[in-house]
Amino acid sequence: MAPSCLAPAAQAFDAIAADFDSRFTAWRSVEAQRRAIRADLLETYPPGSRLIEIGGGTGEDASWLARQGRDVLMTDSSPAMVAAASAKGVRAKVAAAEQFRELAKELSEELKFDGAYSVFAGLNCVTDLTSFAEDIARLLRCGAPLQLVMFGICCPGEILVETLRGRPQNAFRRSRRGDVPALLGGREFTVRYHRRRDLERMLAPWFELKSRRGVGIFVPPSAAEPWISRHPRLLGALESLDRLAARPLAALGDHILYRFERTRS
């Protein structure tokens, strides 16, 4: 697909695909948040589960889950990200909005998945998730979990870090409604900080919210890098606090892990 045909967010992630792993994977704050998310994925999906990942990037989580005995099909709107994932042996497909609709129609005639997931806010790049909900519902059996890791809308850690760094314009950006400008790899796109009620509305009637957990309540966001990576003992203590606060303080997470369930509708 020609770059000019890609959505702005896909163009941005295309631009950083080659450096994505070296830029983010080594950060200890990202590792800590990823551990929490992966623990929940393993708990939700037993070995042998057939899963589909939305916005899988370079395939780090899909390849890890495959090594844990899960069968994963990864999708992403960025061709460069899919190429990077494929190079790791991940079964991956390019699937922007219209392509995902066609893929859902195609796959729904062949099989039903045991679950679906999207991690690290890939779906915050989508303004309206109604079409996505209808499409992914085609692929999931009744009762199947759908786990979405989205940006939280009130992250004290980000407010603190951005204020201390003299970037007050970023400190409260998550409280803004509507599409919010973002910049990555020199490319402009927008993100939407979805509220819980908005997610429930957009995913109904195909999915029902069952639970949510905060990820990165005390563990700081990536804005605190590389400083926090130089303090592993402090980060370990914050990670322990996160495990205790994941449910009662879910709304304060850098990310929030929502667990929906496929309904009969």
- Note on the structure: Applied in sequence order to segment 36-50, the curve 6.51 cos²θ - 1.76 cosθ + 1.60 (Karplus, θ = phi - 60°) yields integer Hz couplings, x standing for Gly and Pro, of 5, 5, 5, 4, 5, 4, 5, 5, 7, 10, x, x, x, 5, 9
- Message: For a quick size check, give me the Cα extents of the chain along its three principal axes, largest first, whole Å.
- Response: 53, 41, 36
- Query: Over segment 62-131, with a single point scatterer placed on each C-alpha, what log10 of the ratio I(q)/I(0) does the Debye formula yield at q = 0.16, 0.17, 0.24 1/Å?
  - Reply: -0.62, -0.71, -1.36
- By a straight-distance test (C-alpha under 26 Å), which lysines pair with K105 as possible cross-link partners, with residues fewer than eight away in the same chain excluded? K93
- Task: Per residue of segment 123-130, in order, report the coupling 6.51 cos²θ - 1.76 cosθ + 1.60 (Karplus, θ = phi - 60°) as ³J(HN,Hα) in whole Hz, putting x for Gly and Pro.
- Result: 7, 6, 7, 10, 5, 10, 9, 4
- Label-zone membership for segment 95-119, site R264, 7 angstrom Cα→C-beta point, backbone N under 13 Å: none
- Over the chain, what relative contact order in percent results from Cα pairs under 8 Å that are six or more residues apart? 22 percent
- Message: Suppose the chain between E200 and T127 were pulled fully straight at 0.36 nm per residue; how much longer would it get relative to their current alpha carbon spacing?
- Response: 24.9 nm
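FYI, it's all coordinate maths here, none of it is from the lab. From a predicted model like this one, the values you see are computed outputs, not experimental measurements. Positions of Cβ are backbone-derived with ideal geometry, glycine not excepted, and every protein chain shown enters the neighbour counts.
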